[in-house]
1. Under a crude label model (7 Å from the Cα following the beta-carbon direction), how far is residue 126 from residue 230 in nanometres?
2. Please compute the alpha carbon radius of gyration of the stretch 1-110, then divide it by the globular-protein estimate 2.2 N^0.38 Å. Two decimals is fine.
3. Name all residues of the stretch 291-326 having a backbone nitrogen under 14 Å from the label point set 7 Å from the Cα of residue 261 along its Cα→Cβ direction, giving them as ranges.
4. From the Cα trace of the chain, what convex hull volume per residue do you get, rounded to a whole Å³?
5. Mind scanning 25/52; 57/374; 241/380; 245/274; 116/172; 52/313 and naming the pairs with a C-alpha gap bigger than 18 Å?
6. Points 7 angstrom from Cα along the Cβ direction at residue 275 and residue 110: gap in nanometres?
7. In whole percent, how big is the carbon plus sulfur part of the accessible area of the stretch 27-97, probe 1.4 Å, protein atoms only?
8. Roughly how big is the stretch 298-380's charge dipole about its Cα centre, with Cβ charges of +1 (Lys, Arg) and -1 (Asp, Glu), in debye to the nearest 20?
Amino acid sequence: MKTAAIICEYNPFHKGHAYQIARTKEMYGAEFVVAIMSGNYVQRGDVAIFSKELRAKAAIACGIDLVIELPTVFAMQSAEFFARKSVEIANATGIVDILSFGAECNNIESIAEIAKLLCTEPTEFSHLMKSALDTGLAYPAARASAIETIMGKKAAEIISSPNNILGVEYCKALCSSKSTITPVCVKRIGADHDSLDAEKGFSSATNIRRLLLSEDRENALSFLPEKCMELFRNADLHSTKEMEKSVIAELIKMPAEILSDIPDVGEGMENRIKSAALQATTLNELADIIKTKRYTHSRIRRILLSAYLGITKAHRETAVPYIKILDHNEKGCELIAKMKKTATLPVVRNTSQINKLKNPEIKTFWERERMFDKLYEMFK
């Protein structure tokens, strides 16, 4: 019985996601599919447009057997940390055989080769990275430049596409953790990542969210599988638009030394954020004022939302404390029963089970995540 894991956000679940699940089963013989899914906050530095419970239900309706939550402190991080913690969970389950990811490139050997370079970081690569960063390039561009010098233009092109980047990070995390899980990829079809155009009935999640927030819900729903349309038809929408004044107010009050302890803040960026918070009236305006060549919009959004939530660098480095079940079907019950014998972390669903562990550190982590969820529910 082969079990595949898919690391995802399903923000929201759409036809491209259903295609990936189906191809994972067809191409790689996966009889069970586990989703390791971001909760109510997502990697691009935003709130999920629909709640994690609803997104998990949609995933189960469309071919996933078990949904495990990727906690906020790990989900809302750079691609490297997002991938590392997701793989840490996959490893900890003890039931995953393959890790399937969607990518613009379907050459898993090329992706794995780039991942190996990044995992080992030879001296030549480190020197090239330093030189590129010293010229003022943002980290992703500096890395692509170093890879092109060592591996050629095709490798640099692979690392320039969003899903390929995550795929490389997944392979890198599997390599560094000496995982027994085999990475495989499914080539994306339809619209490009973040594209605002639809292609052959497929649309990016970015475009679907745009349609939802512009009150064109029926058009947005047309890009979702029929099985989950009704779940989303009348569901509450969540957006950082509803919380931006609270975020800016918190940043105005926050001491610079606290801001300096937020993940990805460095080089005096805390002072730049403080100054910008006094000028901006929206989060987009705030991000535009803060932006530099070295700081991408996604990185800035993560910093701003992390500061509001109180996520620190120490939180990011915390080991994954548990495996939290969000939803499952009957096949998922089989996986949970098996996982309870193989998992190297506690398998939990609710506060009662956390309390029974009698572990103060796990309890603190759990309660912090509950606080994040409560804040999420306040802004819709």
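The values are calculated or read from the model by the stated rules, or taken from the named source; none is laboratory data. What you are looking at is a predicted structure, and each value in this text was computed from that prediction instead of being measured. With ideal geometry, Cβ positions are generated from the backbone for all residues, glycine too; neighbour counts draw on all protein chains shown. Heavy atoms of the whole protein, side chains included, go into the accessibility calculation; ligands, DNA and RNA do not. Shrake-Rupley method; radii C 1.70, N 1.55, O 1.52, S 1.80 Å.
1. Result: 5.9 nm between the two label points.
2. The reported ratio for this selection is 1.00.
3. 307-317
4. In the chain, the Cα hull volume divided by residue count equals 141 Å³.
5. The answer is 25/52; 57/374; 52/313.
6. It works out to 4.2 nm between the two label points.
7. 49
8. Dipole about the Cα centre, nearest 20: 160 debye.
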